[in-house]
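Take a look at the structure below.
The values are calculated or read from the model by the stated rules, or taken from the named source; none is laboratory data. Please read these numbers as outputs of a predicted model, since none were measured by experiment. As a convention, Cβ positions derive from the backbone with ideal geometry for all residues, glycine included, and neighbour counts pool all protein chains shown.
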Amino acid sequence: MLFYTGAAMGVSVIPMVEAYCMKCKGKTEMKDPKPTKMANGRDAIKGVCPKCGTGMFKIGTK
Ligand SMILES: [Zn+2]
């Protein structure tokens, strides 16, 4: 959790995000999660699977 200590200080940091990886066929902690917006304006998080490097996507940040 060292990377995310900033969250406790009110800094806008994304906490660990779990998303489903289609390649690993299971939930994994997203690597390098970044906020993004979907075409319809909803918030989403984009990241990479730490095991296989496949792009991951999770809708809704909160
Ligand atoms: Zn994977």
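Selection of segment 15-62 for residues being near the ligand (Cβ under 9 Å from one of its atoms), of a type in the set (Gly, Ala, Ser) and outside any loop (DSSP other than H, G, I, E, B) yields only GLY26. Total residues in segment 1-42 satisfying the condition of being more than 11 Å from LYS58 (Cβ to Cβ) and modelled with pLDDT under 90: the figure is 15.
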